[in-house]
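These notes concern the structure reproduced below.
Computed from the coordinates by the stated procedures, all read-outs in this text should not be read as laboratory data. Being a predicted model, the structure only gives us computed values, none of them experimental. Cβ coordinates were reconstructed from backbone atoms using ideal geometry, including for glycine residues, and neighbour counts include every protein chain displayed.
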Amino acid sequence: MTEARLDAVSPGRYQLIGELDFDSVSVLADRGRALFSDDGDVQVSLAAVERGNSAGLVLLVDWLREARRRGRNISFTCVPSQLLALARVSGVDELLSL
């Protein structure tokens with residue numbers, strides 16, 4: 001298992017790395033507050049996510065909810081096929097604009 005982390009790439013751009021599972025999302029949820037520290041839109045790349053489950057999907061929905069609460073836009077790019085399939089089955093793919 002690779003420890004999950006959220007790295008800043010540039011202002012407003014971040015990259016999730018590792019596994020999005022029940023063990024990692026609580027730490028990432030707290031780190032997610034950093035997503036909204038700057039003004040402007042937020043983009044999160046999931047290109048380096050090795051694996052994800054429903055907890056990872058809940059994390060993305062939580063960040064979307066926080067973005068809306070703050071009047072901001074957030075987008076997710078390079079979503080792994082496993083998470084994309086789970087989002088489609090769960091009916092949140094359109095909510096997350098995947």
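Computed from backbone phi with θ = phi - 60° and the Karplus coefficients 6.51, -1.76 and 1.60, the 3J(HN,Hα) list for the range 66-83 is 5, 4, 5, 4, 8, x, 10, 10, 9, 10, 10, 10, 6, 6, x, 4, 4, 5 Hz; x is used for glycine and proline.
Calculate for the chain the 222 nm mean residue ellipticity that helices alone would give, adding -39,500 (n - 2.57) per DSSP H run of length 4 or more and normalising by residue count, nearest 500 deg cm²/dmol.
Computed mean residue ellipticity for the chain: -10000 deg cm²/dmol.
For I74, the residues whose modelled amide H falls within less than 5 Å of its own, excluding neighbours fewer than 5 places apart on the same chain, are V42.
Only one of (i) 3, 14, 28, 27, 20, 7, 1, 0; (ii) 2, 10, 14, 14, 11, 11, 10, 7, 5, 5, 6, 4, 1, 0; (iii) 2, 14, 24, 21, 15, 10, 7, 4, 2, 0 was calculated from the structure for P(r) over Cα pairs in 5 Å bins from 0, in percent, and its label is (i).
What is the gain in length, in nm to one decimal, between R13 and C78 on full extension, counting 0.36 nm per residue of separation less the C-alpha to C-alpha distance?
22.1 nm
Derived scalar couplings between HN and Hα for the range 35-49 equal 4, 10, 6, 9, 7, x, 6, 10, 10, 10, 8, 10, 4, 9, 7 Hz in order, rounded to whole Hz, by the Karplus curve 6.51 cos²θ - 1.76 cosθ + 1.60 (θ = phi - 60°), x for Gly and Pro. The gain in end-to-end length when the R65 to D41 segment is fully stretched comes to 7.3 nm, 0.36 nm per residue minus the alpha carbon separation. The magnitude of the dipole of the chain, with charges of +1 and -1 set on the Cβ of Lys/Arg and Asp/Glu and taken from the Cα centre, is near 280 debye.
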